[in-house]
Amino acid sequence: MSSAEGAELKKKETEEVPNVVHQSETDAVSGHGVTHAPDPDFDEKKAGFAAYKGDAIEAENVEHDMGVIQAVRAYPMAAFWALVMSSTIIMESYCVFLMGAFVAYNQFMDEYGVVDKDGNKAIEASWQSALQVGGPLGALVGVLIAGPITSRIGYRWATIGGLMFLNVFIFVFYFANSLAVMFVAQLLEGVPWGIFIANAPAYCSEIVPMKLRAPATQMLQMFWAIGSILVGGVTYALQGRTDASCYRIPIALQWMFPTPLAVLIFLAPESPWWLVRKGRLEDAAKSVRRLGRASRLEHLDESVAMMRRTIDLEKSIKEPSLLELFRGTDTYRTLIVCGVYAAQNLTGNLIANQAVYFFRQAGMDSQTAFALGLITSALQTIFVMLSWILTTYLGRRTIYVWGSLINVCFLIALGVAASVGPSKSASLAQASLGLIVSVGFTLGPAPASWVIIGETSAIRLRPLTTGVGRASYYIINIPCIFLGSYMLNPTGVNLGGRCGYVWASTGFVCFLLAWIYLPEMKGRSYREIDILFNRKVPARKWKQTVVHIGDDE
C-alpha cells in the first residue's frame with residue numbers, strides 16, 4: 001500500500017469511528033436532557049485503536065519507502081545518539097583485550113608468573129583463565145539486573161548509573177597488587193559492562209528508522225574493535241618497559257571513558273518506544289522530535305501511532321516479567337537471541353579476543369605479536385564498516401549463516417597448519433590464519449548478530465530479552481575462556497593452532513542451527529516481525545512471506 005492509500009485509509013477510519021464519549025444533549029424544543037444509550041456492540045478499545053491505525057500505517061509506509069541515505073538525512077540525531085550509546089562498549093572491549101595483552105607482557109609474566117617446563121616465566125593457565133573470566137562473571141550479574149532496572153527507569157538512567165559505578169571500580173583495578181585483587185576488580189567492573197551490553201543494542205534499534213537498524217546496531221562491533229585498537233596501541237608502546245607502569249598506565253586510561261559518556265547520555269533523548277510502553281505519549285513525541293530534522297515534525301503523531309500500534313498488538317500493558325520470555329512464540333524469539341549471543345564464543349571469537357597471546361604461542365616474538373595484534377584490530381574496524389553495506393543490502397541471515405560457514409573453513413585450515421610440525425613457514429601460516437579468522441569474524445557473524453539481537457525480541461520484552469540473551473553469552477563464554485586458555489597455554493595441553501579443530505566443530509553446529517532456525521528480518525517493521533512470529537512462519541520462508549500493511553494480529 002502506498003503512502004497516499006495509507007492517508008486515505010486514515011481518513012476513512014477516522015470517519016467511521018463512533019464517538020467514544022457519549023454526552024448528554026439538550027432537546028431543542030423541550031430543553032430536556034437527552035442521554036444516548038451506549039451501543040452494546042461498541043468496543044472502545046478497538047475504536048481507539050482504529051482512530052490512530054491510519055497514522056500508524058502512514059508512518060510505516062514512510063519508513064519502508066525511505067532509503068539509507070534518506071534515513072540518515074531525516075534522522076541525523078538518531079544516528080548520533082546511537083553512536084554515543086554504542087561507544088559504551090569500548091570499555092568492556094578495552095578491558096577484555098587488556099587482560100589478553102597482560103598475560104603476554106614480559107614484565108607482567110616476570111612479576112606474577114611461574115616457571116614453565118621450558119624454564120620460562122608464564123602466567124599459570126588457571127590464573128590466566130580467572131583473570132579473563134572475572135569480567136564475564138560480573139557482566140552476567142549486570143545483564144540479569146539490567147532488564148528489570150531498564151524496564152522501570154529507562155535506558156538513559158540505567159546506563160548513567162553503570163558509568164558512575166565503573167568510575168569507582170577502576171580504582172580497585174588500578175591499585176591491585178596481586179592476581180586475586182585483579183580478579184575481584186574484573187568481577188566488579190563486569191557488572192556495569194553487563195548493563196551497557198544489554199542496553200546498547202536495544203536502545204540503538206529503537207531510536208532509528210527501519211533502514212538504519214543494521215548500521216546503528218553494528219556500530220557496537222565497530223566500537224568493540226576500536227577498544228581493541230586502543231589496547232593494541234597502548235600496549236605496543238609500553239610493552240618494552242621494565243617496571244609496573246607498563247600495565248598501570250593502560251589500567252588508568254580506562255578513566256577516559258565513563259564521565260564524558262555519562263554527560264552525553266544525560267543529554268540524549270529516552271527511547272520513544274520505551275516511553276510509549278509507559279504510556280507517556282507526549283514525551284515520546286518530544287523524543288521523536290529530538291531524533292529527527294524539523295521537516296519531520298509533521299510526522300510526529302504518525303510515528304508515535306506506529307509505536308502504539310505495534311505495542312498494542314502485543315496485547316499487554318502490564319510490567320514485563322522474565323517468565324514471559326518463555327511463553328508462546330516469545331520462547332522462540334528468546335532462544336534466537338540467546339543462541340546468537342552464545343554462538344559468538346563458538347565460531348572463533350576467542351581467538352580474536354586473545355590474538356596477541358595466540359601470536360606469541362604461534363612462535364612470534366613479543367614485538368611482532370603486539371604489532372600483529374594492532375593490525376588485526378585495525379582491520380576489524382574496517383571490516384565492520386564493510387559489513388554495514390553487506391548486512392543492509394544482502395540481509396542478516398545471509399551474512400550470518402554463510403559467514404559462519406566460511407569461518408569454519410578457515411578454522412579447519414588453521415588446525416591443519418598447526419599439525420604439519422614445527423617450522424617457520426608453519427608458524428607464519430598459523431599467524432596468518434589466526435589473523436584471517438579474527439578479521440573474518442568481524443565481517444560476517446559478529447556484526448550481523450548485533451542486528452539480529454536488536455530486532456528479534458518483542459518490543460515490550462526487549463530490555464529483558466537482551467539481558468537474558470547476553471547472560472547466555474557469558475554462561476558459554478566463561479567455560480570457553482578456561483578451555484581456550486588451557487588449549488593455548490604451555491602449562492595446559494599447548495595445542496596452539498590445533499585449537500582450530502575444536503572451534504571449527506562447534507562453529508559448524510552453530511552454522512547448522514542458524515540455517516534451520518534463523519529468519520531474515522531485513523526490511524521488516526517491528527509489526528511485521530511480530531506477525532511473522534505469531535504466524536509461526538518457518539525461518540527459511542520469511543523472505544518470501546508477504547505481510548499486508550493493514551494486517552493486525
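The values are calculated or read from the model by the stated rules, or taken from the named source; none is laboratory data. Keep in mind that this is a model prediction, so the values were computed, not measured. Cβ: placed from backbone, ideal geometry, glycine included. Neighbour counts: every protein chain shown. To get the accessible areas, we keep the full protein, side chains included, count just its heavy atoms, and leave off ligands, DNA and RNA. Shrake-Rupley method; radii C 1.70, N 1.55, O 1.52, S 1.80 Å.
Numbers for the structure displayed
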quantity	calculated
Sole exception among (1) buried (at least 21 other Cβ atoms within 10 Å of the Cβ); (2) part of a helix (DSSP H, G or I) for residue 443, by number	(2)
Residue count for segment 158-177, restricted to those that are of a type outside the set (Val, Ile, Thr) and without any contact (Cβ under 8 Å) to a residue 12 or more places away in the chain	4
Count of residues meeting criterion [β-branched (Val, Ile, Thr), open to solvent by 10 Å² or more (accessible area, probe 1.4 Å) and within 24 Å of residue 247 (Cβ to Cβ)] in segment 160-181	3
Qualifying residue in segment 125-138 (condition: touching a helix residue (DSSP H, G or I) at 6+ places or on another chain (Cβ under 8 Å), assigned to a strand (DSSP E or B) and not polar (S, T, N, Q))	no
Output for segment 417-439, where each listed residue is under 28 Å from the mean Cα position of the chain (by Cα) and open to solvent by 50 Å² or more (accessible area, probe 1.4 Å)	436
Test: residue in segment 144-159 that is surrounded by fewer than 18 Cβ atoms within 10 Å (Cβ to Cβ), assigned to a helix (DSSP H, G or I) and touching a Leu at 6+ places or on another chain (Cβ under 9 Å)	yes
Any hit, segment 182-194, residues being touching a residue at least 60 places away in the same chain (Cβ under 8 Å), hydrophobic (A, V, I, L, M, F, W, C) and surrounded by 22 or more Cβ atoms within 10 Å (Cβ to Cβ)	yes
Out of 545, 466, sole residue that is open to solvent by less than 60 Å² (accessible area, probe 1.4 Å), outside any helix (DSSP H, G or I) and among the hydroxyl-bearing types (Ser, Thr, Tyr)	545
Any chance residue 160 is at pLDDT 90 or above and within 22 Å of residue 469 (Cβ to Cβ)	no
Matching residues, segment 399-416, being within 19 Å of residue 517 (Cβ to Cβ) and surrounded by 18 or more Cβ atoms within 10 Å (Cβ to Cβ)	399, 400, 401, 403, 404, 405, 407, 408
In segment 379-404, the residues that are more than 17 Å from the chain's Cα centre (by Cα), of a type in the set (Ser, Thr, Tyr) and within 21 Å of residue 211 (Cα to Cα)	393, 398
Single match in 280, 241 (criterion: of a type in the set (Lys, Arg) and either open to solvent by less than 50 Å² (accessible area, probe 1.4 Å) or modelled with pLDDT under 85 (or both))	241
Spans of helices (runs of 4 or more DSSP H) in segment 68-124 with at least 2 residues open to solvent by 50 Å² or more (accessible area, probe 1.4 Å) and touching a residue at least 40 places away in the same chain (Cβ under 8 Å)	68-74, 76-86, 106-112
Any chance residue 425 is at pLDDT below 80 and out of contact with any helix residue (DSSP H, G or I) (no Cβ under 6 Å at 6 or more places or on another chain)	yes
Residue that is surrounded by fewer than 21 Cβ atoms within 10 Å (Cβ to Cβ), in a helix (DSSP H, G or I) and at pLDDT below 90, where the choices are 498, 527	498
Some residue of segment 246-267 being part of a helix (DSSP H, G or I), free of Cβ contacts under 8 Å to residues at least 60 places away in the same chain and open to solvent by less than 30 Å² (accessible area, probe 1.4 Å)	no
Scan of segment 362-415 for residues that are more than 26 Å from residue 540 (Cβ to Cβ), free of Cβ contacts under 8 Å to residues at least 12 places away in the same chain and not polar (S, T, N, Q), ordered by number	365, 382
Selection status of residue 532, farther than 17 Å from residue 343 by Cα, open to solvent by less than 10 Å² (accessible area, probe 1.4 Å) and at pLDDT below 85	no
